[in-house]
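K.L.:
Before we start, here is the structure in question, set down as structure tokens.
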Amino acid sequence: MNYELLVADDHPLYRAALKGAVAAALPEVTFHEADHVGGLLQLIETHGGADLLLLDLNMPGAHGFSALAHLRGLRPDLPVIVISAMDDAHTVRQAMAFGAQGFVSKSASAEAIGAGVRAVLNGEIVTPPHLGNGSEHSADPGALEVASRLAELTPQQFRVFSMLCSGKLNKQIAYDLEISEATVKAHMTSVLRKLGATNRTQAVLLAGRLAVDPNEIKTPVEELD
């Protein structure tokens, strides 16, 4: 069987190592790569038949578990293995609670990475060995509620939301996405409504519920219409 895998990580050398480990475990595999969340969303749109996503937690635009939460709504049928150097019990269990089917530490051997990918493709749940069977996956109910709201965003709305969390102004978002400021404001209105937020600051504070590192979320500047 020829598997189609999406690899989302911003470090080219690690992507190469990851692909090598997977290729050694699967004789027939096609890779599609992204180095930021915006590129990943494009891959999701153009490769709807992909069998698995390998997702770096710290990739630009991810903002903790926000990208994972959004992808669960966008492609609930796509298995996701989170790849991260942060493999403490809390981070792993949070990732699983937010919808990952597997978690592989970046310090894992090539053989362990390949075995983990094969296992998830076979429908199994995979977590690092030091966590035992990984059966206890829980997250703060408030965070799970935020995750469910992020899952309702369209890809473009999530792009706008991600840039908001990076501290960008509407005009900067418009420039980066090559759309008008009026369109950005329209997306922002939809984002706030779907998140149940009254303003940009509250939306970013909600995103903080899904952060791995609270310092990665920047308080936005409120803008006048």
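Only the coordinates and a few stated rules stand behind these numbers; no lab work does. Source: prediction; values computed, not measured. Using ideal geometry, Cβ is built from the backbone for each residue, glycine included, and neighbour counts are taken over all protein chains shown.
K.L.:
Towards the positive end of the charge dipole of the range 141-216, with charges on Cβ (+1 Lys, Arg; -1 Asp, Glu), say which of G196, Q172, V160 has the farthest Cα.
P.N.:
G196
K.L.:
Moving on. On a full-extension model of 0.36 nm per residue, what is the gain between L13 and D77, subtracting their alpha-carbon distance, rounded to one decimal in nm?
P.N.:
20.2 nm
K.L.:
Less than 16 Å apart at the alpha-carbon level, and either on another chain or at least 8 residues along: which lysines does that give for K194?
P.N.:
K185
K.L.:
Classify the range 3-131 as rounded, prolate or oblate from the Cα gyration tensor: take a ≥ b ≥ c as the square roots of its eigenvalues, call it rounded if a/c is under 1.5, otherwise prolate when a/b beats b/c and oblate if not.
P.N.:
rounded
K.L.:
Length gain on complete extension for the stretch T154 to D88, per 0.36 nm per residue less the alpha carbon to alpha carbon distance?
P.N.:
20.6 nm
K.L.:
Subtract the Cα-Cα distance of L177 and D140 from 0.36 nm times their separation in residues, and report this length gain in nm to one decimal.
P.N.:
Residue separation times 0.36 nm, minus the Cα-Cα distance, leaves 10.0 nm.
K.L.:
How big is the dipole moment of the chain about its Cα centre under a simple scheme where the beta carbon of each Lys and Arg is +1, that of each Asp and Glu is -1, and everything else is neutral? Debye, nearest 20, please.
P.N.:
For this selection, approximately 380 debye.
K.L.:
5 Å is the cut-off here: which amide hydrogens, built 1.01 Å from N in the peptide plane, fall below it relative to V126, excluding neighbours closer than 5 in sequence?
P.N.:
So V126 has HN proximity to G102, F103.
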